[in-house]
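Remarks on the structure that follows.
The values are calculated or read from the model by the stated rules, or taken from the named source; none is laboratory data. What you see is a predicted model; the values in this text were computed from it and never measured. Quick reminder, even Gly has a Cβ in these numbers, built from the backbone with ideal geometry, and neighbours come from all protein chains shown. Note: areas computed on protein heavy atoms with side chains; ligands, DNA, RNA excluded. Shrake-Rupley method; radii C 1.70, N 1.55, O 1.52, S 1.80 Å.
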Amino acid sequence: RAKSDPTGAICQFSEDMDRQSREKLQLVHDLRQACAAGQFELVYQLQNDITSLEPVGFEVLLRWNHPTRGRVGPGEFIPAAEETGLIREIGHWVLREACTEAASWARPFQVAVNVAPQQLVQPSFVEDVMDILLETGLSPERLELEITESSIIDDQAHTLKVMHRLKDYGVRIAMDDFGTGYSSLATLQTFPFDKIKIDQSFVRGVHRNAQSAAIVRSTLLLGSALNIPVLAEGVEEQDELNFLQAEKCASVQGFYFGTPMSQEDMRRIACGDGAEGRKQSA
Ligand code: C2E
Ligand code: MG
Ligand code: MG
Ligand code: MG
């Protein structure tokens, strides 16, 4: 019987492996066509000022409308896109789309775009960003590139050069998922970030968890000492917001203000009078 038969178990195991690698191959195959087939879509998440609670920007987040699997979140395909290098083409599309959109807004909000490590090390990356800014007419100060610490551990000297060139043009750079890397402090010391985004794992329940509170407080202190504004990610509850307000965090983002929204909903805020961007209090 399979249960006690070691060869049976091995058979089962390799069949499983087989299924997994077939699924992966299929995913990569589908990803290759997705860009050309226009299956990608951006959704937009509000970033609000902590004091006024007015919108100050949007982070763009990638979605894949797969022909048979339906809407697929980035967690399910970004890793494969990164491994295969497809992220370069996809990331370029995201940047162009986000800048085109932001350039058309009536209100001069920031637009924050996630950038993968493989994009950052592309020799043409800075030129690509500049070309997109020129073509779309978006002012560089309104573009914020979000990079995580893992993006810069590979080739620090090169990344530093890239960051300085982007900053010379006026493009902003945010450190995403702060606190989850293995040397966040060293990274902050070396790289010229314009914003720190505290990872949502520290924000969740910050008002009732002493450890999270200590980490968030220290990050805010650090930001203030280094003169780098801090945004808290993943704010879901009023109590978390209250804590962040009392501790003088600069801005916030999270489901409390709404899940990432469609282009249409986003435009109501970015092109309207902005009344929709505020959290409706019950
Ligand atoms: P991220 O850049 O840290 O983005 C924040 C993620 O947290 C988003 O997930 C967002 O929907 C989610 N989030 C925001 N507020 C809350 C909240 O209050 N509660 C909870 N539970 N979640 C919240 P999403 O859209 O699934 O994206 C996941 C990650 O995928 C992103 O993390 C980012 O690293 C990556 N990603 C998304 N779009 C792109 C892209 O265009 N390019 C690249 N390279 N990576 C992307
Ligand atoms: Mg991000
Ligand atoms: Mg993040
Ligand atoms: Mg993340």
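The residue list Gly57, Gly70, Gly85, Gly38 contains one member that is within 16 Å of ligand 2 (Cβ to nearest atom) and either within 15 Å of the chain's Cα centre (by Cα) or open to solvent by 10 Å² or more (accessible area, probe 1.4 Å) (or both), which is Gly57. Meeting the requirement of 1 or more residues that are of a type in the set (Val, Ile, Thr), the helices (runs of 4 or more DSSP H) wholly within segment 167-273 are 184-190, 200-203, 210-226, 263-270.
In the set (1) open to solvent by 10 Å² or more (accessible area, probe 1.4 Å); (2) under 19 Å from the mean Cα position of the chain (by Cα); (3) more than 16 Å from ligand 1 (Cβ to nearest atom); (4) not β-branched (Val, Ile, Thr), the condition left unmet by Arg172 is number (3).
Taking segment 46-70 as the range and being in contact with a Ser or Thr (Cβ under 8 Å, 6 or more places away or on another chain) and among the polar types (S, T, N, Q) as the test, the residues that pass are Gln47, Asn48.
Looking at Glu149, Glu141 in this structure, which one is away from ligand 3 (no atom under 16 Å from the Cβ) and closer than 23 Å to Leu231 by Cβ? Please lay out each step first, then the result.
Values: Glu149 fails: away from ligand 3 (no atom under 16 Å from the Cβ).
Within the list Glu149, Glu141, the selection yields Glu141.
Within segment 49-105, the residues that satisfy the criterion of being away from ligand 4 (no atom under 16 Å from the Cβ), assigned to a helix (DSSP H, G or I) and of a type in the set (D, E, K, R) are Glu83, Arg88, Glu89, Arg96, Glu97, Glu101.
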